[in-house]
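Remarks on the structure that follows.
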Amino acid sequence: MQQDTLTIAGKEYSSRLLVGTGKYKDLAETKAATEASGAQIITVAIRRTNIGQNKDEPNLLDVIPLDKYTLLPNTAGCYNVEDAVRTCRLARELLNGHKLVKLEVLGDAKTLYPDTIQTLKAAEILVKDGFDVMVYTSDDPLIARQLEDIGCVAVMPLAAPIGSGLGIRNPYNILEIIENAKVPIIVDAGVGTASDAAIAMEMGCAGVLMNTAIAGAKNPVLMASAMKKAIEAGREAFLAGRMPRKRYASASSPLDGTFF
Amino acid sequence: MEILVNGTPHLVAADTNVAQLLVILELQGKRLALEINQELIPRSQFDTTVLQPHDTVEIVHAIGGG
């Protein structure tokens, strides 16, 4: 098969699996799972530095080095435009002018559902400010189109609520978003296991972003490896083009030449 | 004078600049980003940015997240 790459903001990636770094038991597990996933784009959160305590504690960037991975700082935990924009600007400074960010503006702590109105406003500000915005959103095709029109470099609808592991709950919406999009559509959040990731890829998603499905598995490193294979299998199946579904059987062995 | 760093009050000498604050906090040389009163302070201005009484300083870094 010829080289099949994912292009985000002009940069090509061979992996279509994007992973988060939250919820691991320690940095050694983060490192091992990230490596097993084969992912090249890795999300991180921006939080207060510890002051006066554990000052020699190991740093995430020691195990996820900037020269090996593309870091994708997120705005997780932001519930308004101002906090999201502030977080992105701090992240850009932290990562030496790095422009790629994952925008999420949440609307509700129970569902972690995105506030799409605030998300649209924040996306507009960030795009004007020169950021390459990968945007977490609901599976609403109209909002997805508006985010693309604003200039987001990737639109990332949820499969199901963050951390729920429920899989793609609204496949026809995801399909509608994919069919209407010119930018990569990446399912972000809600996958639970390898088959969920494969289904997203078979539908034609450009990639899948996940964290809890790997970090929350009993064996995160093994699940990371499973996800890598599921993404690759799903992608190849999409490119191969599945057979049509039929209601009745169709024999695989020829009927000619039977001797009975 | 008193300033607020990551939500905690700190006493520092008048005319302390950001670079000096980071030395006091034993954070010099660490990969971090900083804002004062919600204004981002680029690393290149740490030496020249002097803290004022009651400034609210936020110092952040990257941690695990999805």
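The values are calculated or read from the model by the stated rules, or taken from the named source; none is laboratory data. Quick caveat, the model's predicted, so the values are computed rather than measured. When we count neighbours, we look across all protein chains shown, and the Cβ atoms used for this are built from the backbone with ideal geometry, even at glycine. When the accessible area is computed, the model is the full protein with side chains, heavy atoms only, and any ligands, DNA or RNA have been set aside. Shrake-Rupley method; radii C 1.70, N 1.55, O 1.52, S 1.80 Å.
Computed quantities for the displayed model
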{"quantity": "Loop-located trypsin sites (Lys or Arg not before Pro) in the range A:132-193, at most 12 other Cβ atoms within 10 Å (DSSP)", "calculated": "A:Lys182"}
{"quantity": "Tilt relative to chain A, helix A:141-150 - C-alpha long axis, 0 to 90 degrees, to 10", "calculated": "50"}
{"quantity": "Over the range A:135-260: Kirkwood hydrodynamic radius from C-alpha pairwise inverse distances, Å", "calculated": "15.8"}
{"quantity": "Candidates per GluC sites (Glu not before Pro) in the range B:1-56, loop by DSSP, up to 15 other Cβ within 10 Å", "calculated": "B:Glu26"}
{"quantity": "Chains A and B, summed buried accessible surface - 1.4 Å probe, Å², nearest 100", "calculated": "2500"}
{"quantity": "3J(HN,Hα) from dihedral phi, the range A:235-251, Karplus parametrisation 6.51/-1.76/1.60, rounded to Hz, x for glycine, proline", "calculated": "5, 5, 5, 4, 5, 5, x, 6, 5, x, 6, 10, 7, 10, 5, 9, 4"}
{"quantity": "Under-5 Å amide H pairs with A:Thr43, H placed in peptide plane, nonlocal only", "calculated": "A:Val19, A:Gly20, A:Thr21, A:Leu72"}
{"quantity": "Greater than 26 Å apart at Cα, pairs in A:Lys110/B:Lys30; A:Lys121/B:Lys30; A:Lys110/A:Lys182; A:Lys25/A:Lys228; A:Lys229/B:Lys30; A:Lys11/A:Lys128", "calculated": "A:Lys110/B:Lys30; A:Lys121/B:Lys30; A:Lys110/A:Lys182; A:Lys229/B:Lys30"}
{"quantity": "Helix axis angle, A:81-94 relative to chain A longest principal axis, alpha carbon, degrees", "calculated": "80"}
{"quantity": "At 0.692 mPa s and 37 °C, Stokes D of the range A:22-240 from Kirkwood alpha-carbon radius, µm² per second", "calculated": "187"}
{"quantity": "Formal net charge of residues neighbouring A:Pro73 (Cβ-Cβ distance under 9 Å; K, R +1; D, E -1)", "calculated": "+2"}
{"quantity": "Degrees, to the nearest 10: A:116-128 long Cα axis against longest axis of chain A", "calculated": "70"}
{"quantity": "Using a Förster distance of 56 Å, the FRET efficiency for A:Phe238-B:Leu4 (Cβ separation, nearest 0.05)", "calculated": "0.60"}
{"quantity": "Most to least accessible of A:Tyr248, A:Tyr24 (protein chains only, probe 1.4 Å)", "calculated": "A:Tyr248, A:Tyr24"}
{"quantity": "Contour excess over end-to-end distance, with Cα ends at A:Arg48 and A:Thr193 and 0.36 nm allotted per residue", "calculated": "49.0 nm"}
{"quantity": "Radius 10 Å from Cβ of B:Asn6, net charge of other residues (Lys, Arg +1; Asp, Glu -1)", "calculated": "+1"}
{"quantity": "Share antiparallel - DSSP beta bridges, chain A, percent rounded to 5", "calculated": "15"}
{"quantity": "Between the range A:161-236 and the range B:16-31, the alpha-carbon center distance in angstrom", "calculated": "42"}
{"quantity": "A:Glu82 versus B:Val23: modelled label distance in nm, points set 7 Å from Cα along the beta carbon direction", "calculated": "3.5"}
